[in-house]
Amino acid sequence: IIASQLVVPDEISVNWKDIAGLDYLIQELRETVILPIQKRELFADSRLTQPPKGVLLHGPPGCGKTLIAKATAKEANMSFINLDVSLLTDKWYGETQKLAAAVFSLAVKLQPCIVFIDEIESFLRTRTQHDHEATAMMKTQFMSLWDGLITDPTCTVIIMGATNRPQDLDKAIQRRMPATFHVPMPSETQRERILQLILRSEPVAPDIDFPRLASSTEGFSGSDLHELCRQAAVYRVRDLARDEMARENNENNRESNADTTGDSDEEY
Ligand code: ATP
């Protein structure tokens, strides 16, 4: 189960070039997350400069959190485990306990490694007295495994969580994620960059007006823009296919008319 969510650096298909309009964020991630890993010997020298073991990406859905997490792993040459939290919440407690321990031990074996947890608040939300006992125990176990990483200065495993509800996260979890980055809805300029990136190798009209497209897509996330371009591309291909079908039908009709005419010639 875990291996199906695992990608080694060479196989990660995205890098910084696949992210548009977030240059300032990429720069921050480079300095906060990647540099301490690449220059470990300098940062590990003091307890105060240890590389972060927890990173939180928060912001609305579809704005690039997963993309950023994968690209960070790629750029830092780290393995990437995409941990599906439903695996930790759907199973019987004994199973989740083993699974959580297996994920951490795999990450340590593969280090440097990023363990990405999308919708992290869904299983590490603020604890309440109504929590099911199994849920509470699972959270405690997860945090103690995480603390094992934090206290080991030689370990290069980062838990990278993504959420669009950071306020729902348990305070104890927030403390374990000192590096926090907001991934916002794209502005008009950012939308223009994202559209240019999505359409960079597509056969678009030479007079395509990117600024106009960007200004008329207020409220669209990167994911919405991707879907918009996908639909436009499908319409284009559909039109081409329809034209081609019509041409083929015409040709077939012409040929069969010619055949009929030929037949009748023979008869006379
Ligand atoms: P969710 O919270 O729903 O998981 P997310 O914030 O993790 O969403 P992604 O899955 O990273 O969003 O983005 C979805 C898709 O939207 C990407 O695969 C990409 O096609 C497009 N996209 C989003 N933001 C950007 C961006 N800044 N640059 C380029 N493409 C983007």
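If the cut-off is 18 Å between C-alpha atoms, which aspartates and glutamates fall inside it for LYS70, apart from same-chain ones fewer than 8 positions away? Within the straight-line cut-off, LYS70 pairs with ASP10, GLU11, ASP18, ASP23, GLU28, GLU31, ASP84, ASP118, GLU119.
In whole Å, what is the distance between the alpha-carbon centres of segment 26-97 and segment 180-245? Between the Cα centres of segment 26-97 and segment 180-245 lies a distance of 29 Å. In summary, the lysines within cross-link reach of LYS65, defined as a Cα separation below 17 angstrom excluding same-chain residues under 8 places away, comprise LYS17, LYS74. From least to most packed, judged by other beta carbons within 10 angstrom and beginning with the fewest, ARG200, ARG47 follow the order ARG47, ARG200. Computed from label points 7 Å out along Cα-Cβ, the spacing between PHE210 and LEU35 is 2.9 nm.
Taking 35 Å as R0, compute the FRET efficiency from the Cβ-Cβ separation of GLU202 and SER256 and round it to 0.05. Present the calculation step by step, with values, prior to reporting the outcome.
On the way: r = 38 Å, r/R0 = 1.09.
That gives a FRET efficiency of 0.40.
So how tilted is helix 65-75 from the main axis of the chain? Cα-based, degrees 0 to 90, rounded to 10. Roughly 80 degrees between the two axes.
Given the DSSP H assignment, sum -39500 (n - 2.57) over each helix run of at least 4 residues in the chain and divide by its residue total; what's the result at 222 nm in deg cm²/dmol, nearest 500? Could the numbers behind the result be given before it?
Values: 11 runs with 138 residues, N = 268.
So the calculated ellipticity at 222 nm is -16000 deg cm²/dmol.
Helix 133-151 and the long axis of the chain differ in direction by around 80°, with both axes built from C-alpha atoms.
Could you work out how far helix 222-267 tilts from the main Cα principal axis of the chain, as a 0 to 90 degree angle to the nearest 10? Approximately 20 degrees, to the nearest ten.
Every read-out reported here was derived from the displayed coordinates using simple, explicitly stated rules and does not represent laboratory data. Fair warning: this is a prediction, and the values are worked out from it, not measured in the lab. Because the Cβ atoms are built from the backbone with ideal geometry, glycine has one as well, and the counts that use them run over all protein chains shown.
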